[in-house]
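Please read the structure below before turning to the comments.
The values are calculated or read from the model by the stated rules, or taken from the named source; none is laboratory data. Computed from a prediction, not measured in an experiment: that's the story for all the values here. Quick reminder, even Gly has a Cβ in these numbers, built from the backbone with ideal geometry, and neighbours come from all protein chains shown. These accessible areas exclude ligands, DNA and RNA; they are computed on the full protein's heavy atoms, side chains included. Shrake-Rupley method; radii C 1.70, N 1.55, O 1.52, S 1.80 Å.
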Amino acid sequence: MITIENADKALKDYYLGAVTAQLNDNISPFFSAIEKTAGHVYGKDVSLSVVRGNCGSIVAGDEDGALPDPYKNRYLQITVPLKNLYGTIEVSDKALKASREASGAFVNLVNAEMDGLIASARQNFSRMLFGDGTGKLCKIVSGVSDSVYKVDGAKEYFAGMRVTVPAASGVLGDSLDLYITAVDKAKSEITFNRDVLDSITGETVYVYGSKDNELCGLGAIFDSPSLYGYKKSDEPYFAPYKADAGGAITEEKLTDVLDYMEENFNSRINMIICSYKTRKKIAALIAENRRVVNSTDAHTGFGVVTVNDVPVYADKYCPDDRVLFLNTEDFSLNQLCDWEWLEDESGKILKQVHGKAAYGATLVKYAELICKKPCGQAMLGNI
């Protein structure tokens, strides 16, 4: 017989390992390539020191001359709090009781919930890796009709997402039932589940509950004015290199960035990331010289083309207006733990949802993405 107790045990002993594996495998080429570690986690923070300039450690001198004074490296301290990532499932009491005499029915019930959780978690985690940490999806340009709004950029994956527009609190309150029900990418339009008035024109749409709580992704590294508490204008070490393509992408411009990074920052770029649309353009450029490589990279498991032997990956969360040049050895996902079930004091995972005839369980992960050498990364924009 299926009971809350053995259902709880199944989630802990059987499902956790399988779910964790699926949440960590084939997320994205970038995620596959970076280090995952708990080595820099101290309490609730990630803390590490980076060396800002270390070229004076070795000097040349006379055979019998005085030894040089010790060179002091200039250290910069990065200390940021871990972000809290959650994923939940819910099973109604009625469904649980209906399947208690049939283990197969229970497995199907839980599997359906797990499949939804995994799909949602993988999508949102991948999106966060390219975000700026704010949870921003888009900005509303104008109302079109009823619940349809023109935005500054619409993506297909917006459909079905639960969102909030903080500045609309005077009109809607912190609405719990505000969803994006449809997306027209060609027109850059999104449709909400109800009309939310023209008062939100000019405001920003955020992932519900995630405002300023997401991972410090690549968007923060390349677009935010500050990083890890440092203003990029004051501390160039935290400012990545940005090149302007002048509205047209060429193979020469791509290789120029690679050369510039190695020559000026001693950075060996080992991954180029762009949108699918941009990768097609790059593949076409390389094809003109009959040097197309379209294969599967053994390390990440994703199909690639190459520029100067550097693999070019497509990711749907990378904006169309840029090509990112990364040294993945400079990145790490610092985590207190991998995905784990949230347990109460008695060790239970499944708990009754307050005010509902249902039981819920929550997966948690406490982590933050860190780049220890932001100036070693580059972006070719305005392509």
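Kindly indicate the residue of region 261-303 that is part of a strand (DSSP E or B) and either open to solvent by 10 Å² or more (accessible area, probe 1.4 Å) or not aliphatic (A, V, I, L, M) (or both) and also modelled with the highest pLDDT among those meeting that condition. Walk me through it before giving the result.
Let us first name the residues in region 261-303 that are part of a strand (DSSP E or B), namely 271-274, 295-296, 303.
Filter again for either open to solvent by 10 Å² or more (accessible area, probe 1.4 Å) or not aliphatic (A, V, I, L, M) (or both), leaving 274, 295-296, 303.
Working: CYS274: 96, SER295: 52, THR296: 52, GLY303: 54.
Result: CYS274.
Anything in region 136-160 that is among the charged types (D, E, K, R) and free of Cβ contacts under 8 Å to residues at least 60 places away in the same chain? List them, or say none.
Taking region 136-160 and keeping what is among the charged types (D, E, K, R), we get 136, 139, 146, 150, 152, 155-156.
ASP146, LYS150, ASP152, GLU156 - these are the residues of region 136-160 that are among the charged types (D, E, K, R) and free of Cβ contacts under 8 Å to residues at least 60 places away in the same chain.
Kindly list, by first and then second residue, each pair from a residue in region 242-267 that is hydrophobic (A, V, I, L, M, F, W, C) to a residue that is open to solvent by 20 Å² or more (accessible area, probe 1.4 Å) and assigned to a helix (DSSP H, G or I), limited to pairs with Cβ atoms under 9 Å and residues at least 6 apart or on different chains.
ALA243/LYS253; ALA243/ASP256; ALA243/TYR260; ALA245/LYS253; ILE249/LYS281; ILE249/LEU285; LEU254/LEU285
Select, from VAL205, VAL183, the only residue that is of a type in the set (Val, Ile, Thr), in a strand (DSSP E or B), under 27 Å from MET161 (Cβ atoms) and modelled with pLDDT of 95 or more.
On the way: VAL205 fails: modelled with pLDDT of 95 or more.
Matching residue, one of VAL205, VAL183: VAL183.
Residue-wise test of (1) in contact with a helix residue (DSSP H, G or I) (Cβ under 6 Å, 6 or more places away or on another chain); (2) surrounded by 12 or more Cβ atoms within 10 Å (Cβ to Cβ); (3) modelled with pLDDT of 90 or more.
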{"position": "GLU35", "(1), (2), (3)": "no, yes, yes"}
{"position": "GLY39", "(1), (2), (3)": "no, no, yes"}
{"position": "LEU48", "(1), (2), (3)": "no, yes, yes"}
{"position": "GLY56", "(1), (2), (3)": "no, yes, no"}
{"position": "ALA66", "(1), (2), (3)": "no, no, no"}
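Please determine, by comparing only the residues of region 318-329 that are in contact with a helix residue (DSSP H, G or I) (Cβ under 8 Å, 6 or more places away or on another chain) and open to solvent by 20 Å² or more (accessible area, probe 1.4 Å), which one is modelled with the highest pLDDT.
Ranking the qualifying residues of region 318-329, first place goes to ARG322.
For residues that are among the aliphatic types (A, V, I, L, M) and modelled with pLDDT of 95 or more, scanning just region 215-250, find the one that is surrounded by the most Cβ atoms within 10 Å (Cβ to Cβ).
First pass over region 215-250, keeping only residues among the aliphatic types (A, V, I, L, M): 215, 218, 220-221, 227, 239, 243, 245, 248-249.
If we keep only those that are modelled with pLDDT of 95 or more as well, we get 215, 218, 220-221, 227, 239, 243, 245.
Working: LEU215: 23, LEU218: 28, ALA220: 22, ILE221: 25, LEU227: 22, ALA239: 19, ALA243: 18, ALA245: 17.
This residue is LEU218.
Out of everything in region 133-155 that is part of a strand (DSSP E or B) and of a type in the set (S, T, N, Q), what residue ends up being modelled with the lowest pLDDT?
So in region 133-155, the residues part of a strand (DSSP E or B) come out as 136-145, 148-151.
Okay, now just the ones that are also of a type in the set (S, T, N, Q), so 142, 145.
Working: SER142: 90, SER145: 83.
Among those residues, the one meeting the criterion is SER145.
Tell me, please, whether a residue that is touching a residue at least 12 places away in the same chain (Cβ under 8 Å), open to solvent by less than 70 Å² (accessible area, probe 1.4 Å), touching a Leu at 6+ places or on another chain (Cβ under 7 Å) and β-branched (Val, Ile, Thr) can be found in region 91-108.
Yes, region 91-108 contains at least one residue that is touching a residue at least 12 places away in the same chain (Cβ under 8 Å), open to solvent by less than 70 Å² (accessible area, probe 1.4 Å), touching a Leu at 6+ places or on another chain (Cβ under 7 Å) and β-branched (Val, Ile, Thr).
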